[in-house]
Amino acid sequence: MPMVMAAADVRRSLTRISHEIIEKSRDILPVLVGIHTRGVPLARRIATVIEEVGGARVPVGALDIGLHRDDLSTRPTTPLSGTQLPADITDRTVVLVDDVLYTGRTVRAALDALNDFGRPEVVRLAVLVDRGHRQLPIRPDHVGCNLPTSVAERVSVRLGEIDGGEDGVWVQGVRS
Amino acid sequence: MSFLTTEGLPRQDLEEILDLADEFTHVLARPIPRVPALQGKLVANLFFESSTRTRLSFERAARALSADVMSFSASGSSLTKGESLKDTVLTIEAMGVDLMVVRHRATGAPWRVAGWTGCQVINAGDGAHQHPTQAMLDALTLRRRFGDLDGLRVAIVGDIRHSRVARSNVFALTTLGARVILVAPRTLQPVDCVGWPVETTDDLDAVVGAVDAAYLLRIQTERGGASVFPSLREYVSRYGMTRDRFARLPADAVVLHPGPMNRGVEIDDMVAGHPRTLILDQVANGLAVRMAILFRLLGGK
């Protein structure tokens with residue numbers, strides 16, 4: 001299984017994304033909201049870098065989109081992990097964080113889920129990997145790695161906090 | 001798949017329902033307490049026996065998951081024109097229903113409905129037999145209070161014989177690790193409890209000092225419950241949760257009641273309003289538990 005990002009690449013990408021987020025925000029830093037499962041540790045890591053570089057603490061939340069998916073009736077139910085938002089998101093800037101951006105349906109569900117908690121002024125999207133093949137008009141604002149893939153391939157992300165061991169991104173299956 | 005009884009359900013299933021219900025408690029606390037999970041699904045509430053809290057609770061739970069709801073109660077329906085139960089449910093199924101919530105005074109009616117239709121069925125109480133969603137909300141209430149049901153001592157007090165709540169609770173609570181003691185006059189003890197994993201006694205005063213929860217049942221006059229003891233006064237003096245008995249409960253013990261309650265009979269007025277009486281928590285937890293069960297039945301493929 002070919003590795004496309006090693007631990008150092010993941011770290012560098014997250015550092016760059018953190019800097020981009022600081023640049024884009026003027027006075028008030030955004031609320032970072034990780035999408036379960038791997039978006040949550042990514043959001044925490046970005047918050048840590050922002051705190052080191054920018055000197056300000058960024059609130060970090062977790063969003064479970066299990067009840068907002070548009071394909072609920074075609075797949076088995078999965079356990080819910082719960083949504084915890086650290087601050088009122090109304091009139092704030094929210095940066096959604098996820099590991100892989102693919103069809104865009106997860107992000108659509110996340111935007112719906114956010115709506116239940118308030119009306120952010122701006123919502124941005126940060127992803128570690130953009131593998132293309134969007135089915136909805138959704139684009140990321142911060143991308144760690146643009147990875148052209150075929151639909152037949154599988155992108156797997158491993159993060160120490162969840163999977164144990166070294167971070168990394170791999171592509172499985174036939175490359176076209 | 002349907003949800004008809006707590007008897008024989010594995011512990012893992014019960015715990016998954018409670019875990020899911022915990023998540024739905026958070027959903028219910030949101031500014032907009034509604035998620036689109038069951039959009040496009042149609043739930044029919046078929047209440048062939050009267051009910052307020054259970055029917056409203058199922059309606060609210062289904063709507064909070066964005067399902068559509070139709071409600072039916074026996075009075076004012078075609079049943080009074082002589083239509084059979086089978087024809088009634090087949091008619092309702094033909095309207096495109098995905099799930100039926102059934103309450104009926106006859107034991108086993110929800111099983112029959114599940115057999116006649118292709119719908120999933122939730123038993124919302126059949127006669128004196130089962131009321132499994134009530135037991136799950138009671139389990140959730142106890143788990144949220146005590147953290148865990150393992151080793152918890154629960155006395156179920158009163159008209160056990162006519163109580164579907166008691167039957168459902170016996171199986172749910174013991175499967176989750178609680179120790180259940182059934183407390184009732186001999187005439188109100190169940191005849192079918194041989195082999196149940198419980199202790200039985202007719203002496204509430206002997207156990208009241210050593211329980212974590214006292215679960216009080218209503219005397220069911222509509223099922224003949226009041227005819228088997230000499231007088232209500234005698235019942236109150238031996239089995240009522242009077243102020244005096246409440247004072248003899250351990251300091252952190254709680255009181256539950258499935259409602260509707262008869263103040264002054266099974267529960268004293270002061271006890272009913274005490275902070276350690278969790279009746280309103282039970283009602284609130286009922287929403288989350290019913291959302292969890294609806295979501296498990298309708299949410300996935």
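Restricting the search to helices (runs of 4 or more DSSP H) fully inside the range B:227-273 and requiring at least 3 residues that are in the same structural domain as B:Thr201 (by TED's automatic domain parsing) and within 19 Å of B:Val283 (Cα to Cα) gives B:269-272. Here the range B:38-69 is the region considered, the condition is being away from chain A (no Cβ under 14 Å) and exposed (fewer than 15 other Cβ atoms within 10 Å of the Cβ), and the residue that is farthest from A:Leu111 (Cα to Cα) is B:Ser50.
Among the candidates A:Ile35, A:Ile28, the residue that is more than 14 Å from chain B (Cβ to nearest Cβ) and surrounded by 14 or more Cβ atoms within 10 Å (Cβ to Cβ) is uniquely A:Ile35.
Restricted to the range A:38-63, and to residues there that are of a type in the set (D, E, K, R) and within 21 Å of A:Pro120 (Cα to Cα), the residue that is most open to solvent (accessible area, probe 1.4 Å) is A:Arg57. Mind checking which residues of the range A:63-78 are facing another protein chain (nearest Cβ under 7 Å), within 21 Å of the chain's Cα centre (by Cα) and either modelled with pLDDT under 85 or at positive phi (or both)? Of everything in the range A:63-78, just one residue is facing another protein chain (nearest Cβ under 7 Å), within 21 Å of the chain's Cα centre (by Cα) and either modelled with pLDDT under 85 or at positive phi (or both), namely A:Leu72. Taking the range B:5-37 as the range and being surrounded by 20 or more Cβ atoms within 10 Å (Cβ to Cβ), more than 8 Å from chain A (Cβ to nearest Cβ) and assigned to a loop (DSSP other than H, G, I, E, B) as the test, the residues that pass are B:Thr5, B:Thr6. Scanning the range A:107-128 for residues that are of a type outside the set (Lys, Arg), within 14 Å of chain B (Cβ to nearest Cβ) and more than 25 Å from A:Arg158 (Cβ to Cβ) yields a total of 9.
B:Arg290: out of contact with any Gly (no Cβ under 8 Å at 6 or more places or on another chain), charged (D, E, K, R) and over 30 Å from B:Ser231 (Cα atoms), yes or no? When the stated conditions are applied, B:Arg290 passes them.
Modelled with pLDDT of 95 or more, part of a helix (DSSP H, G or I) and either surrounded by 24 or more Cβ atoms within 10 Å (Cβ to Cβ) or hydroxyl-bearing (Ser, Thr, Tyr) (or both): is that true of B:Val208 in this structure? So B:Val208 does not fit the description; no. Summed over the range B:256-301, the residues that are within 14 Å of chain A (Cβ to nearest Cβ) and crowded, with 16+ Cβ neighbours inside 10 Å give a count of 10. Of B:Val194, B:Val157, B:Val121, B:Val170, all but one fail to be out of contact with any helix residue (DSSP H, G or I) (no Cβ under 7 Å at 6 or more places or on another chain) and crowded, with 24+ Cβ neighbours inside 10 Å; the exception is B:Val170.
Considering the range A:9-25 alone, what residues qualify as being open to solvent by 40 Å² or more (accessible area, probe 1.4 Å) and either in a loop (DSSP other than H, G, I, E, B) or not basic (Lys, Arg) (or both)?
If the condition is that a residue be open to solvent by 40 Å² or more (accessible area, probe 1.4 Å) and either in a loop (DSSP other than H, G, I, E, B) or not basic (Lys, Arg) (or both), then A:Asp9, A:Thr15, A:His19, A:Glu20, A:Ile22, A:Glu23 are the ones that fit.
Within the range B:86-105, how many residues turn out to be open to solvent by 40 Å² or more (accessible area, probe 1.4 Å) and more than 14 Å from every other protein chain (Cβ to nearest Cβ)?
Counting residues in the range B:86-105 that are open to solvent by 40 Å² or more (accessible area, probe 1.4 Å) and more than 14 Å from every other protein chain (Cβ to nearest Cβ) gives 9.
The values are calculated or read from the model by the stated rules, or taken from the named source; none is laboratory data. Remember, it's a predicted structure, so these values are computed and weren't measured experimentally. Here the Cβ is made from the backbone with ideal geometry for all residues, glycine too, and neighbour counts use every protein chain on show. Protein only, heavy atoms only, side chains kept; ligands, DNA and RNA dropped before computing areas. Shrake-Rupley method; radii C 1.70, N 1.55, O 1.52, S 1.80 Å.
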